[in-house]
Amino acid sequence: MARYGMALDYKSCINCKACEVACKEENGILMGADKHRIWVGNGEIEGQYPLLDITSNAFYPSQCQHCDEAPCEEVCPTHATYYTEDGIVRVDPEKCILCSYCMNACPYDARYVDDRTVTVDKCTFCADTRLARGETTTACQNTCPTKVRIFGDLDDPNSEISEVLRTREHFSLKANLGTKPKLFYLT
Amino acid sequence: MEVEISRRKFLQGTVAMSVVGATAATSLLSNEHGGGAKPGVVSFHNTKTGTGKSHDVATLCEMCVNKCAALARVENGVVTKLNPNPLFPKSKNMLCARGNAGIQALYDPDRLKYPMIRIGEKGEGKFKRVTWDEAYEAILNGTDKFPGLSKIMDEEQDNRSTMLFCAGEGMAEHTFKQFYQAFGSANWLNHASICLQTVTSGYGVTLGSYPQADLDNAEYVIMAGANRAEAIVTPDTMDIFKRTKRRGAKLICVDPRFTNTAAKSDKWLAIKPGTDLAFVLALTYVTLNENLQDNDYIKKYFNGYEEYKKSVLDNKYTPEWAEPITGIKAEDIYTIAREFAAAAPKAVYYPGRRSTFAKNDFQLRRAMAIFQALHGGIDTEGGLIFGSKLALQPHEGLQPLYEKAQARAVVKSTDGKGYDDCAVISGGGSWIAWRNRFLEGKMPYKVRGMFCYKHNPMMNMPNSAKTAEMLKKMELVVTIDTMPSDTVMYADVVLPECTYLERTDPVKTFGGVEPSIAVRNKVIDPMFETKPVMEIMKGLTTKISKPLFEISKKYDEEIQDAIEEDGEEETYAEFDLTLPFRHTQEELNHHAVAKYEGAAEQLHHHGIFYPKQDEYYKQLAINKFQYYPEKKKYYSTRGGKPKTPSGKVECNLASFASKGIDPMPVWRDEYAFSVPSGKFRLLTGRHAQFTQSGTSNNAMLRDLMPENFIWINKRVADKKGIKFADTVEVSSSVGKTQLKAYPTEKIAPDQVFFIHGFGEESEELTWAYKNGGNDNKVIEDNIEPVYGAAAMHETNVEIRKV
């Protein structure tokens, strides 16, 4: 079994949104600004023209962090949210009753409602599409113009992601919450 | 547009043709009930990929000009995903947002689906569906609403130049251009004069070529007036942004706006619009004054160095002089010139690739090229490179001479030095100058009709009101397009082309550090009654060639003589317009690469070919590919020698002086930036999710950014009581447009900005119709003096909250 994770060389992100479209086309996600499995976050610039703070305008690609200690899984009353053997956090639409506890519990705001199934949806690391076909990349990783993303098996010491996490400094989002995300931001 | 087929019927067609096996039924059904006009109802082709049987077809993207390599995944005849093709050295396994959204262009319910002819008034958008033969017949013989080619050619006594031909950029532009050449007109207009004319020509006359930049190895990059994070160019965008933020390349961004490129830069310099020339001249001054130039390179490869040096030093283009003109601190200019020189030759003043913004753009490009060359960074690793190119075998075309065909419709200036509106007439012509001459009755002869291929003059050039007037005055307008654009609404005959995913295009060779040949293979058969332009040309020329020859026989004495001498059959063979279209595109492509063993096969299956590809190509890591081993890359192919006829960098162009153009780049007071109080300078530009008006109806891209917003300085907006998303009216001396406001500190208090390509008015575009603001309704038709290229940042506007 693998334990999938993703490392993000986020300083290379130019907010071009190739990943967002690749995700929607690959996984058949609904249209709409609130129907995103993945997105790129950035804040409004600080300062006054022309004295602006360049660092205030950084781009942060984000999505479900596939936490090892996922608050969404903990609060789900029907066990619709579960961990796969590969460490991916999934939602079983058959069990989901749209109580939305998980949406409130997720510190990363990574969940939204799919209006077709009327259940909660989120990133699956392309498990039903690409991984199921035997591919080893996610749609977002494969298409990225500036090659921000490295997807792979954290349990395999020889994988590229393991190597990168051994050799480069990185951080997790809201690490203080103890959710143990499997997304790592490389500095 | 009145059509005989309802949207419902269209959808039945689509469903039958494209939705088998896809999980798309729900979203397509939402269309059936009235389409996207309903708020909240989203019409798009939802293509979740399956896990069953599929195959990949190697194609090239056409969502913008880059031609990145893609693999189209086809399941049961439906294209369900476009993935990057890792084999292409130019695009290096990437596909941007637009590339991924190409599926929506293919399955856009608003596509042109069958030939149509106009039945209403010009521009009214009332058409009737006809067969291909009826459409060709209408082009030849007209209808009660418009004259055909026969009548026009007869009345103009076989002056073939009475028809204008215009085209947008694309791989099949070549095919259409062959029709133009065979037809024998001298009037050809393309995108150049509303695009990169001045940059390619500026570098062309100075270095002999418009070079590429080796951003993969450059240690210092000045990116001025280029926005590679948003106006994506492969491989430049990928190469540079992997290496910024102290990871190999220092990036200096010079732009009046704080763009995404500025966000990734080490230093952003907020320059006043149109003053980049003063910035470069001041950098050049520092280099020459402090003796930072590469004297060995200059000795070998410069013409006119001493004169240029004298000009720059004597004119005292000091950083202190440039500071008030550009708004950039003198201290910054000193630092940048010194840092650039220290990093040279692995330093790049990035040439850029964009529309002309200011009237001095040609001189700016010359000054940039010379500044780069002064430091020796030409034809070298980490600098500007010429690279290598794999030759293709040309195929037979047809360029007959018609005695009665007049020269291009331009007017010489009274002093005889140049032309009435610009100094030089380039191959692509000056669109604005040509249009205005036509409207003002200054043509040397009558131009009565036009063929328009993959081109949208209504949206693409400043002052749309004038373009509309021109299209109305044209007696016969034939458009070949995939979408019912604003220009198509003015057509007399509409010929529907299939999209790029439904056709094989002419094979293309891509030069550079890692040269290769690439092809766009047909992914699925053309939908509805659409055809590739190759087949359209074949059908059209079969219909019109003989009858037009009969008219030539009547007026062309040379043809009459030839017939007398050689007989009619032999003479006609040289005027047979069908000749360039006798072979299929696949056959022509096969022929083009015949000299490379296995190339045709490789291109057909994998899309990309270059010699020793099997040996060289390797995936080194998840995101890293080797195309050529380091030692085999073509960083330097001429030992630094420029490609000009003299083999030297040309600083002083005497031939331009005789046309009234400054032979060396100098600053002129009229270039200074100023805006009358209460007004704003309008800036326009590109965006990473849209390609001009070409993608404005793409449902997926619109999902990322539903409409364009006008950037206005936050403090100014506060004062004017304009809040985020308030609708404002933008007006100039030529027109007005409305869009929503985005107050931000990313723009100066005396400037406003919005992206180009929005606000179309064709009612047949569900998503694009009156969505956002159209910059070209407001931009005044200024042209620069050398090539007559549109100067797009020279319009001052007023802003009013509505």
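The values are calculated or read from the model by the stated rules, or taken from the named source; none is laboratory data. Not measured: the values here are computed from a predicted model. Every residue, glycine as well, gets a Cβ built from its backbone with ideal geometry; the counts of neighbours run over all protein chains shown. For the accessible areas, the whole protein counts, side chains as well, though only heavy atoms, and no ligand, DNA or RNA atoms are used. Shrake-Rupley method; radii C 1.70, N 1.55, O 1.52, S 1.80 Å.
Remarks
- Those residues of the stretch B:443-461 which are more than 23 Å from B:Leu149 (Cα to Cα) and either surrounded by fewer than 17 Cβ atoms within 10 Å (Cβ to Cβ) or not assigned by TED's automatic domain parsing to the domain that holds B:Leu149 (or both), in sequence order: none
- Matching residues in the stretch B:772-802 - criterion: being open to solvent by 20 Å² or more (accessible area, probe 1.4 Å) and under 24 Å from B:Gln751 (Cα atoms): B:Lys777, B:Glu780, B:Asp781, B:Asn782, B:Ile783, B:His793, B:Glu794, B:Asn796, B:Glu798, B:Arg800, B:Lys801, B:Val802
To keep it simple, each residue is scored yes or no on (1) more than 26 Å from B:Leu149 (Cα to Cα); (2) open to solvent by 50 Å² or more (accessible area, probe 1.4 Å); (3) touching a strand residue (DSSP E or B) at 6+ places or on another chain (Cβ under 8 Å).
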{"residue": "B:Gln560", "(1), (2), (3)": "no, yes, no"}
{"residue": "B:Glu569", "(1), (2), (3)": "no, yes, no"}
{"residue": "B:His606", "(1), (2), (3)": "yes, yes, yes"}
{"residue": "B:Leu620", "(1), (2), (3)": "yes, yes, yes"}
{"residue": "B:Gln626", "(1), (2), (3)": "yes, no, yes"}
{"residue": "B:Pro629", "(1), (2), (3)": "yes, no, no"}
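- Verdict on B:Ser464 being open to solvent by less than 20 Å² (accessible area, probe 1.4 Å) and either touching a helix residue (DSSP H, G or I) at 6+ places or on another chain (Cβ under 9 Å) or over 21 Å from B:Phe758 (Cα atoms) (or both): yes
- Considering the stretch B:216-239, and only residues there that are assigned to a loop (DSSP other than H, G, I, E, B) and away from chain A (no Cβ under 12 Å), the residue that is most open to solvent (accessible area, probe 1.4 Å) turns out to be B:Glu219.
- Here B:Asn187 meets the list (1) touching a Ser or Thr at 6+ places or on another chain (Cβ under 9 Å); (2) open to solvent by 10 Å² or more (accessible area, probe 1.4 Å) almost entirely, failing just condition (2).
- Single residue of the stretch A:56-93 satisfying the filter (closer than 25 Å to A:Asp156 by Cα, open to solvent by less than 10 Å² (accessible area, probe 1.4 Å) and among the β-branched types (Val, Ile, Thr)) that is nearest to the other protein chains (Cβ to nearest Cβ): A:Ile88
- Residues that are under 18 Å from B:Thr356 (Cα atoms) and among the basic types (Lys, Arg) within the stretch B:763-802 comprise just one, B:Lys777.
- Exactly one residue among B:Ala699, B:Ala657 is within 13 Å of chain A (Cβ to nearest Cβ), over 30 Å from B:Gly382 (Cα atoms) and modelled with pLDDT under 95, and that residue is B:Ala699.
- Qualifying residues in the stretch B:466-496 (those that are in contact with a Lys or Arg (Cβ under 7 Å, 6 or more places away or on another chain) and assigned to a helix (DSSP H, G or I)) - the one farthest from B:Glu440 (Cα to Cα): B:Tyr490
- Candidates are the residues of the stretch B:290-339 that are assigned to a loop (DSSP other than H, G, I, E, B) and of a type in the set (Val, Ile, Thr); the one that is least open to solvent (accessible area, probe 1.4 Å) is B:Ile328.
- Within the stretch B:70-113, tally of residues that are open to solvent by 10 Å² or more (accessible area, probe 1.4 Å) and not in a loop (DSSP other than H, G, I, E, B): 5
- Residue pairs whose Cβ atoms lie under 7 Å apart, separated by 6 or more positions or on different chains, with the first residue in the stretch B:773-785 and among the charged types (D, E, K, R) and the second buried (at least 22 other Cβ atoms within 10 Å of the Cβ) and in a strand (DSSP E or B), are B:Asp775/B:Phe754; B:Lys777/B:Thr737.
- The residue that is nearest to B:Gln181 (Cα to Cα), among those in the stretch B:579-613 that are in a loop (DSSP other than H, G, I, E, B) and small (Gly, Ala, Ser), is B:Ala594.
- Selection of the stretch B:120-130 for residues being under 14 Å from B:Val493 (Cβ atoms) and open to solvent by 70 Å² or more (accessible area, probe 1.4 Å) yields B:Lys126, B:Lys128, B:Arg129.
- Sole exception among (1) within 10 Å of another protein chain (Cβ to nearest Cβ); (2) under 16 Å from B:Gly685 (Cα atoms) for B:Lys272, by number: (1)
- Against the conditions (1) over 27 Å from B:Thr637 (Cβ atoms); (2) open to solvent by 10 Å² or more (accessible area, probe 1.4 Å); (3) part of a loop (DSSP other than H, G, I, E, B); (4) in contact (Cβ under 8 Å) with a residue 60 or more places away in the chain, B:Thr356 satisfies every one except (2).
- Check on B:Thr287, in contact (Cβ under 8 Å) with a residue 60 or more places away in the chain and assigned to a helix (DSSP H, G or I): yes
- Looking across the stretch B:658-685, the residues that are surrounded by 13 or more Cβ atoms within 10 Å (Cβ to Cβ) and outside any loop (DSSP other than H, G, I, E, B) come down to B:Tyr671, B:Phe680, B:Arg681, B:Leu682, B:Leu683, B:Thr684, B:Gly685.
- Residue within the stretch B:703-713 that is part of a helix (DSSP H, G or I), in contact (Cβ under 8 Å) with a residue 40 or more places away in the chain and in contact with an Asp or Glu (Cβ under 8 Å, 6 or more places away or on another chain) present: yes
Condition check ((1) at pLDDT below 95; (2) among the small types (Gly, Ala, Ser)) across all residues:
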| residue | (1), (2) |
| --- | --- |
| B:Ala343 | no, yes |
| B:Gly376 | no, yes |
| B:Thr414 | yes, no |
| B:Gly418 | yes, yes |
| B:Arg435 | no, no |
| B:Leu439 | no, no |
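- Residues in the stretch B:563-578 that are more than 11 Å from B:Thr542 (Cβ to Cβ) and in a loop (DSSP other than H, G, I, E, B): B:Gly567, B:Glu574, B:Phe575.
- Note on the stretch A:113-187: enclosed strands (runs of 3 or more DSSP E) holding 2 or more residues that are within 12 Å of chain B (Cβ to nearest Cβ) are A:149-153.
- Selected residue (only one of B:Lys648, B:Lys643 is under 18 Å from B:Gly511 (Cα atoms), surrounded by 12 or more Cβ atoms within 10 Å (Cβ to Cβ) and assigned by TED's automatic domain parsing to the domain that holds B:Leu277): B:Lys643
- Of all residues making up the stretch B:768-802, the number that are of a type in the set (Phe, Trp, Tyr) and under 20 Å from the mean Cα position of the chain (by Cα): 1
- Residue within the stretch B:497-510 that is assigned to a helix (DSSP H, G or I) and surrounded by fewer than 24 Cβ atoms within 10 Å (Cβ to Cβ) present: yes
- Residues satisfying the stated conditions in the stretch B:240-263, i.e. within 11 Å of chain A (Cβ to nearest Cβ) and open to solvent by 10 Å² or more (accessible area, probe 1.4 Å): B:Lys242, B:Arg243, B:Lys245, B:Arg246, B:Arg247, B:Asp255, B:Pro256, B:Arg257, B:Asn260
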